[in-house]
Each structure stands twice: as C-alpha cells, then as structure tokens.
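Inspection log for the structure reproduced underneath, given as structure tokens.
Derivation of every value follows stated rules applied to the coordinates shown; laboratory data play no part. Values in this document were obtained by computation on a predicted structure and should not be read as measured data. Here Cβ is always computed from backbone atoms with ideal geometry, including for glycine, and neighbour counts include all displayed protein chains.
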Amino acid sequence: MSARYLRRARPHLGTLVELGVRVPEAEPARATAALGRAFLALAEVERALSAFLPESDIGRFNAAPAGFEVLLSDDAARVLGAACALARESAGLFDVSLGTGPGAWSLSEGEGGCRLRKHSPGVHLDLGGIGKGFAVDRAFEALFDELARGPEEPACWVNAGGDLRVSGVELPVRLRDERGGGAFPFLVLSEGALATSRFGPLARASLAHASPGHARYVSVAAPTGLLSDALTKVVALCGRADHPLLASHGATAFIHEGGA
Amino acid sequence: MGHRRIPRAVCYALAAPAALVAPAPAFAVDYLTADQAQALIFPAADRFELAEFTLTAGEREALEAKLGFKVRERWTLRLARQGTRLLGVLAVDDVVGKFERITFATGVGADGAVAEVEVLSYRESHGYEVRLPAWRKQFVGKTAASPLRVGDDIANISGATLSCQHLTQGVRRAVAVVDALLRRGGLR
C-alpha cells in the first residue's frame, strides 16, 4: 500500500512555503492538524523577527536609541542566541548587524527571560541571514511534534523557497539555473536541512575570492534549518567550503555553478 | 504513545554527476482544488455561489493607478454565505513568474480584509517555456488534484530565493477588486 501525503503551500517569509506530511493511516486528521500548527508557527516567527514590521522585537530595537532594552519573545531569543554563538565561533564573520556594530548589542538572561540591549544608536539588526532557516525549523518542529503524538514514525518536510528541512522521507532536491532556466538533480535529502544562496551578479551579496560577473551558488546541508541558512553566509564570506565551523556543526558545504 | 525527539542529524545522497548534465523535466504540484480552498478558508459557510462581475473602465483605471499594474475586466468570484449573510469572497487567480505559474485563492472577508491565501497549484517550467502562449493555455482552468506521490512530482527547488513578488501582487489585486465591488454595493 502506498503512503498518502498531504501538501499545502502559502506565501510566507517573502517566498512560497510548502509543507508536506505523510498522512498517518490510523488518524488522518492529525495530518491536517500538523499543517495548521506549522502555518501558525510561521506566522508567529514572521511577526517576531521581521525587521520590516515596526512592532516586532527587531523593528523596535532598530528604531530605538542607545541604552534601549527589550524583553525578547522566545523566538527572537532563540535566533539571537544562535547568532551570538555563530559570531563568536566564526570570529565575527557571521554578523547580524551587517557591519553596523557587531559589538554594539548584547543579550542577558534575567528576570522574565532574555533581554536584548542596544549599546550604540547606529546598530541595526537584520536576521535575513538566519531568520528564514529558523522559521523553517519552527514550522518543521510543529509538524514533527504533532505527528509524533501518534503511533507512526513522523514523515514531514518544509520547503521555504529552497530552504528545506525534512525527516522520515526522501526528498529529491533540484538546483535551479537562474540564467538559463531549468532545474538539475542535486541530491536526495532524507534527514536534516539544506539551504542554497546565490551570490554574484544581481544578487544582494557576492562570494569572496570569486571573479566578479560570475554567479555561484553555495549550498549547505546541516542538521537544522538555522545552521544551513547561517552557514551559507559564512561560506560565501570566506569563500571556502571547508571552513572549520561546518565540521563542528556536522554540516557540509557545496560551492557550485548554477546547473551544470 | 512514545514521545519522539525532534531529530538533529543530516543525511543525504548526492545525485550522480551524469545527472547534472541535463535539466530535470518540468514539474507541477496540485495542492488544493478551489472547492477545497473555499471550505478551508470559510469553514462557517453553508453554501458558495459563483458570480460574474465586470469592472467598469473607471473602476479598472482607479485600481490600476492604485496598484501600479494591470487589472482584468471580468472576475468570477465565489461568494461564501451562511444563510443569506455574506461571510466573504474567494478569488481564484494566477500569476506567471520567471520560472513558474502559481494558481492561488485569496479569501477576503465581508469587511474587505484578507482571511487567508492558499496556493492551489504550482507549475514549474524552464524559463523559455513560460513565454510561450501554448504553455500558458495548458493550465488555464485546471483544478483537479492529482494523487500525491513522493518522488517524481515533489517540487523542491533549491536555488536563489523564489521570488514571491508576483504572488504578492496577485493577492493585492484580488483584495483591491473585492474591495471595489464591496464599495459599489455589488456584493451582498
């Protein structure tokens, strides 16, 4: 008997987010419940992290003067905590302040939770290099958690415009050639996460040590969406697929041309 | 009931180098039919009514000036009702991007606010095919859901971020059209 899968897609995170679950045979309603929970999680993360929404934690921080302190939502605390650790481990290569003040913000655990403090007026935080991967993780966790309440092994995935996380099912992943069109078989992901960023002409960022005018892609396979998303930026900034941070997080990087 | 922990490991197999030479065939995913989408977005509705609307030249001009892109004349909308009361409106539309065509449903409440957006289908193609009118025609009015299998029909494209700009524009357009019809008193 072949398994049945339920898939839904909605616009989120500035891209198309697809969720997929294997429908548990004994309790098919759990699949719908899992999708509902995951879409709710996406909307929650979006609200908490978007730098463009003035009422988000990050939006308030960016608009505030030096000395401002904010009690973070759980989501913002998780992402900024991870961003802090990655900045330290990469000796400043990974920087969510995008050069506006890597040392000008800090986190402190205190009464009621985690607080974010602003030390200079010019520092702006942008979670563009890590937030999407984290949102993928949150949606994935919601799917997995709901499915895990039942007797069957969970099988589910999240695909946010190329940032993927999967468990329990083999997902064939193709890489798109942005210039010529077409999508090329790349790998089959059966557990963990994969993110791909394009660097070069017309992209927002460029790859270190690459000749200008040359488009390259960086893909990182890692245990979580947050790590795969963030580590593509580390690889792009150092131009090396063998940065020690990858191995220490159980990740692998690929630098490739689009398509062939 | 065993509680399983969220896995934290990565496992993959690279495609054979030979496979990288030729592009994979274009693919398509059907997520929901329009009937399924309307039931999901307006669960309290006890009936749905198909209704045709024609925007006047003045209405279109005003909408296009506000939105900054074209708005077509004729719209078929699904009116969600509970008894005689209008709960909201579902507009099914599609947008064509660089490599994809997305059919989507925008649910708009009777107050004019977006209730939910659901993607009905996604068609990926090689860039050049999108520009061919024949290719476009192939998908007009398609609503049937295909059986889902893991393997050949799963769309997992990892490349530069798939731009959602067209879809966002399409949602804005649907909301603006429903809003214009509400204002003229055409939706009751």
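Between the listed residues A:Thr224, A:Leu40, A:Pro65, the Cα displaced farthest toward the positive end of the dipole of chain A, a dipole computed from Cβ unit charges relative to the Cα centre, is found at A:Pro65. Within straight-line reach of A:Lys233, meaning a Cα separation under 18 Å, sit the following aspartates and glutamates at least 8 residues removed in sequence or on another chain: A:Glu89, A:Asp95, A:Asp126, A:Asp137, A:Asp163, A:Asp242, A:Glu257. Each of A:Gly92, A:Ala82, A:Gly110 was placed along the dipole of region A:52-125 (beta-carbon charges, centred on the mean Cα), and the one lying farthest toward the positive end is A:Gly92. Return the single residue from A:Ala77, A:Ala41, A:Ala66 with maximal mean-square fluctuation; model: Gaussian network over chain A, springs between Cα atoms under 10 Å. Among A:Ala77, A:Ala41, A:Ala66, the largest GNM mean-square fluctuation belongs to A:Ala66. Counting neighbouring beta carbons within 10 Å and listing from fewest to most, the residues B:Tyr12, A:Tyr217 come out as B:Tyr12, A:Tyr217.
Reported to the nearest whole Å, the Cα centre-to-centre distance from region A:135-177 to region A:94-134 is 28. Working note: Cα gyration tensor of region A:102-149, eigenvalues times five, square-rooted, sorted largest first, giving semi-axes of 30, 16, 6 Å. On full extension, the segment bounded by B:Leu14 and B:Ala44 gains 6.1 nm, given 0.36 nm per residue less the C-alpha separation.
Pick out which of A:Gly92, A:Gly14, A:Gly36 has the largest mean-square fluctuation in a Gaussian network model of chain A, springs linking Cα atoms closer than 10 Å. In this elastic network of chain A, the residue with the biggest mean-square fluctuation among A:Gly92, A:Gly14, A:Gly36 is A:Gly14. For region A:52-125, the square roots of the Cα gyration tensor eigenvalues, ordered a ≥ b ≥ c, give a/c of at least 1.5 with a/b no greater than b/c, which places it in the oblate category. Taking θ as phi - 60°, what are the ³J(HN,Hα) couplings along region B:168-182 by the Karplus curve (6.51, -1.76, 1.60), each to the nearest whole Hz, with x for Gly and Pro? 3J(HN,Hα) across region B:168-182, in whole Hz: 4, 4, x, 5, 4, 5, 4, 5, 5, 5, 4, 4, 4, 5, 5.
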